Amino acid sequence: MTAQLDPKLMTSAQSQPQKNNVPREVNITLISSMTIVVLLAIWWFVTAVGWIDALFLPSPVAVLDRLQDLMTNGYMSISLWSHIGASLGRIGTALVAAVITAIPVGIAIGRNKVIRGVVDPIIEFYRPIPPLAYLPLIVIWCGIGELSKVLLIYLAIFAPIVIATATGVRSVDQAKIRAAQSLGATPLQIIQHVVLPSALPGILTGIRIGLGVGWSTLVAAELVGASEGLGFMVQSSSQLLATDVVIVGILIIAVIAFALEIGLRRLQKKLVPWDKQAH
């Protein structure tokens, strides 16, 4: 005997929203904030109970005190803001030079197989080499002045932007290019109005990656002949076993790099709102 269901109950059940099937939106900012708080708490705990000697890991309070001292008295008779300004100047100069040169090279590689065959092996040859490996050669060629430091950072940023640009150019829909050609567009107009807008998400991603690599190269760039800069501060304080200064320098580099990354992400969302990877 088949059980009969009440039509009113069936209608009522169908009219109720399926709350359990709707996924909740994850608050990434809250999760990230909680992660930072937990890490700080662990840091404070292991130093407070004495599990790690202050020589190897100072407490957060000691690092904060050192930061206040550096902001007041500077480091090696140079203000903390001068160290930050020197590093930002080197990174900024290298980044601008890399963007100006790497994007045209990437477009040429993506559009012309002959240029790709000539330039691509050179970039792929030096890209995996750690900057410290060819730093002595750059010092021999360019001396120990600012040029060698900016050039080292420039080479680190250049390769990721070229590769990302070339990849973005090769992924452009060929139907759009043929449509522009059928309308009488010149090669320069095709690059300006078809190739660049389509490859822009990849170019901006390459700039973000290159900037991160540039910051990691900063310490190596300021190894030789530098008298100021965050990398110089970290290196010289490590030789003096001033761990608190080392941590302050690392944290400042991380905060600045994170702020620049957030700025580039927002710029990418504004310039390419159709790109899902930017969100």
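Points to keep in mind about this one:
- Filtered by the rule that a residue be over 19 Å from ALA41 (Cβ atoms) and not in a helix (DSSP H, G or I), the range 57-95 gives GLY74, TYR75, MET76, SER77, ILE78, SER79.
- Of SER82, SER33, SER77, all but one fail to be modelled with pLDDT under 90 and in the same structural domain as ILE190 (by the TED database); the exception is SER77.
- Candidates are the residues of the range 63-87 that are of a type in the set (A, V, I, L, M) and under 14 Å from ALA226 (Cβ atoms); the one that is most open to solvent (accessible area, probe 1.4 Å) is MET76.
- Cβ-Cβ contacts under 9 Å between residues 6 or more apart (or on different chains), taken from a first residue in the range 130-154 that is closer than 11 Å to LEU223 by Cβ to a second residue that is exposed (fewer than 12 other Cβ atoms within 10 Å of the Cβ), are listed as SER148/TRP141.
- Any hit, the range 175-183, residues being crowded, with 22+ Cβ neighbours inside 10 Å and in the same structural domain as LEU251 (by the TED database): no
- Helices (runs of 4 or more DSSP H) fully within the range 177-279 counting 3 or more residues that are over 24 Å from ILE100 (Cα atoms): 230-239, 243-271
- Matching entry among ILE109, ILE122 (being of a type outside the set (Gly, Ala, Ser), over 24 Å from VAL248 (Cα atoms) and open to solvent by 40 Å² or more (accessible area, probe 1.4 Å)): ILE122
- Residue within the range 232-242 that is touching a Phe, Trp or Tyr at 6+ places or on another chain (Cβ under 7 Å), open to solvent by less than 60 Å² (accessible area, probe 1.4 Å) and modelled with pLDDT under 90 present: no
- Inspection of the range 104-114 identifies no residue that is out of contact with any Pro (no Cβ under 6 Å at 6 or more places or on another chain), closer than 22 Å to SER216 by Cα and in a helix (DSSP H, G or I).
- Checking the range 35-48 against the condition returns no match, with no residue being part of a loop (DSSP other than H, G, I, E, B) and out of contact with any helix residue (DSSP H, G or I) (no Cβ under 7 Å at 6 or more places or on another chain).
- Annotation: SER216 fulfils all but one of (1) at pLDDT 90 or above; (2) open to solvent by 50 Å² or more (accessible area, probe 1.4 Å); the unmet one is (1).
- Long-range neighbours under 9 Å by Cβ, at least six apart or interchain, first residue over 10 Å from ARG208 (Cβ atoms) within the range 252-273, second among the aliphatic types (A, V, I, L, M) and open to solvent by 40 Å² or more (accessible area, probe 1.4 Å): ILE252/LEU67; ILE256/LEU88; LEU271/LEU200; VAL272/LEU200
The values are calculated or read from the model by the stated rules, or taken from the named source; none is laboratory data. What you see is a predicted model; the values in this text were computed from it and never measured. Virtual Cβ from ideal backbone geometry, glycine too; neighbours counted across all protein chains shown. Ligands, DNA and RNA are excluded from the accessible area calculation, which covers all protein heavy atoms including side chains. Shrake-Rupley method; radii C 1.70, N 1.55, O 1.52, S 1.80 Å.
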